[in-house]
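Presented below is the structure to which this report refers.
The values are calculated or read from the model by the stated rules, or taken from the named source; none is laboratory data. Just so we're clear, the structure is a prediction, and the values are computed from it rather than from any experiment. Glycine gets a Cβ as well: all are built from the backbone with ideal geometry, and neighbour counts include every protein chain shown. The area values use the complete protein model at the heavy-atom level, side chains included, leaving out ligands, DNA and RNA. Shrake-Rupley method; radii C 1.70, N 1.55, O 1.52, S 1.80 Å.
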Amino acid sequence: MKSVYIEEQGDVNVLTYGDLPDPIVKSNEVKIKVKACSINRLDLFARAGEKGVRLNLKTPHVLGGDVAGDVIECGDMVTDFFVGDRVVVNPHISCQKCKNCKLGAEELCLQSNFLGMTSNGGYAEYTTVPFYNVVHIPDSISYIEAAAVPTVFIPCWNMLFRKAKLQPNEKVLVVSASSGIGTAAIQLAKNISGVDIVATTSNLYKAQLIKEMGVNDVLLHTDENLNKKLMEITNNEGFNVVIDHVGLESWLYGIQTLAKGGRYCVCGVTSGHKVNLHLGSLFKNSQTVFGVFMGNMADLHNVINLISHKKTLPIIADTIPLKEVRRAHKMLEEKNVVGKLVITF
Ligand SMILES: [Zn+2]
């Protein structure tokens, strides 16, 4: 099969376009003909060997977790899926055997895998995944739209609605909002809860695009008076919910502008993972700081259902042919992308 694989970690030149053997389907797996695979920052870290992402590179490794495509083969134990089904994958693959999985908390699986990290993923014509990590997609959702969903919309749904329990009259701060996570958080918070959203970003071009998504105010995170302006926007009450996938850089202003009873949601630490937390302020203001890693299958079902009814739509920055994955990684490294880059086949 045609694929883009790596045999060592490094710069974009380690991404190699070529042929690999087709994957063989196991009894609990479906084999998917990949139609679209979106690119995540995690792919860049894995390719480069940064941020502690280590890969087993004994054989050529195929990145890519956010896969949409057609089922072309089913293992003996597969139920609910048939050849020809259009599907999207939750790349955080649970074991279905550990105590957390048995309690229904698959997102807390003690032996989880991640498609494209611990197994070969979607930068290829075919991939295989356990059937219980796959969701049907209706004809009203394109493969490109579906592939733009999992790694950004699953944690955003989890953070906003299951963990933070966002309420309609609340205010949300989305930091570094041009990213896949940022745009997904904006879409969900705006379209589902109708809340006021304030966003931060790095330049005026991105700020304009973010504003067009219905965000009330967009500020540059380089603004010298950022904290003051953020507090003024909220009548000095602060934000009820902060969505942070950046870590250190945004923590410095995010935690200081968190409201009483506020919930600070962390799902990434690309700018640094060590921060100072004033525990006195935390308990006196009844605040919560929590992290999420992805979410569960119900989260993915919920998002796919919303998109099928056009209640929210993923923001697609661009589509890139498989052969040109190097270019896509460069674009993401240069941080001039608003929304998702999706590989097409
Ligand atoms: Zn498990």
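General remarks:
- Debye, to nearest 20: dipole size of the range 153-291, +1 on Lys, Arg Cβ, -1 on Asp, Glu Cβ: 420
- Computed over neighbours whose Cβ is under 14 Å from that of LEU15, the net charge equals 0, Lys and Arg +1, Asp and Glu -1.
- Multiplying the residue separation of LEU110 and ARG162 by 0.36 nm and removing their Cα-Cα distance gives an extension gain of 16.7 nm.
- Here the dipole of the range 67-108 is about 280 debye; that uses its Cα centre as origin and unit charges on the Cβ of Lys and Arg (positive) and Asp and Glu (negative).
- Where both bridge residues fall in the chain, DSSP classifies roughly 55% of the beta bridges as antiparallel.
- Fraction of accessible area attributable to carbon and sulfur, the chain (%, probe 1.4 Å): 50
- Net charge contributed by nearby residues that have their C-beta within less than 15 Å of LEU110 (K/R +1, D/E -1): +1
- Residue among LEU42, THR344, LEU63 farthest towards the positive dipole end of the chain, charges placed on Cβ: LEU42
- Size of charge dipole - the chain - debye, nearest 20, with Cβ of Lys, Arg +1 and Asp, Glu -1, no other charges: 700
- Value of relative contact order over the chain, rounded to a whole percent, pairs C-alpha under 8 Å and six or more apart: 18
- Placing unit charges on each Cβ (+1 for Lys and Arg, -1 for Asp and Glu) gives the range 153-291 a dipole about its Cα centre, and among ILE192, GLY254, ASN216 the Cα reaching farthest toward its positive end belongs to ILE192.
- Using a probe of 1.4 angstrom and keeping all protein chains present, the accessible surface of the range 1-85 works out to 48 square angstrom per residue.
- Centroid-to-centroid separation of the range 176-237 and the range 64-79 [C-alpha atoms, Å]: 37
- All-pairs Cα distance distribution in the range 124-165, expressed in whole percent, bin size 5 Å: 5, 16, 19, 25, 20, 10, 4, 1
- The range 229-299 - Debye-derived log10 I(q)/I(0), Cα point model, q = 0.12, 0.18 Å⁻¹: -0.33, -0.70
- Rounded to the nearest 0.05, the FRET efficiency derived from the C-beta distance between ARG54 and ASN225 at R0 = 41 Å is 0.50.
- Accessible area expressed per residue, the range 153-291, with surrounding protein chains retained (probe 1.4 Å, Å²): 45
- Charge dipole (the range 87-178, unit charges on Cβ, about Cα centre) - positive-most of PRO138, ILE93, SER119: ILE93
- Site pair ASN285 and GLU324 shows an inter-label distance of 4.5 nm when each label is modelled 7 Å from Cα along Cα→Cβ.
- Overall dimensions of the chain as given by Cα atoms, namely Rg and Dmax in Å: 19.9, 61
- Coupling constants for the range 258-274 follow from the phi torsions by the Karplus curve (6.51 cos²θ - 1.76 cosθ + 1.60, θ = phi - 60°), and in residue order they are 7, 6, 4, x, x, 10, 9, 9, 10, 9, x, 9, 4, 9, x, 10, 9 Hz; glycine and proline get x.
- Calculated P(r) of the range 153-291 - Cα pairs past 19 Å, %: 44
- Legend: helices of the chain (whole DSSP H runs) are marked when their alpha-carbon atoms reach 15 angstrom or more along the helix axis and their mean Kyte-Doolittle hydropathy is at least 0.5; marked are 297-308.
- Extension gain from TYR205 to ASN169, taking 0.36 nm per residue of separation minus the Cα-Cα distance: 10.0 nm
- Listed residue pairs exceeding 20 Å between alpha carbons, taken from LYS171/LYS310; LYS171/LYS340; LYS211/LYS340: LYS171/LYS310; LYS171/LYS340
- Residue-count net charge about ASN296 - beta-carbon cut-off 13 Å; Lys, Arg +1, Asp, Glu -1: -1
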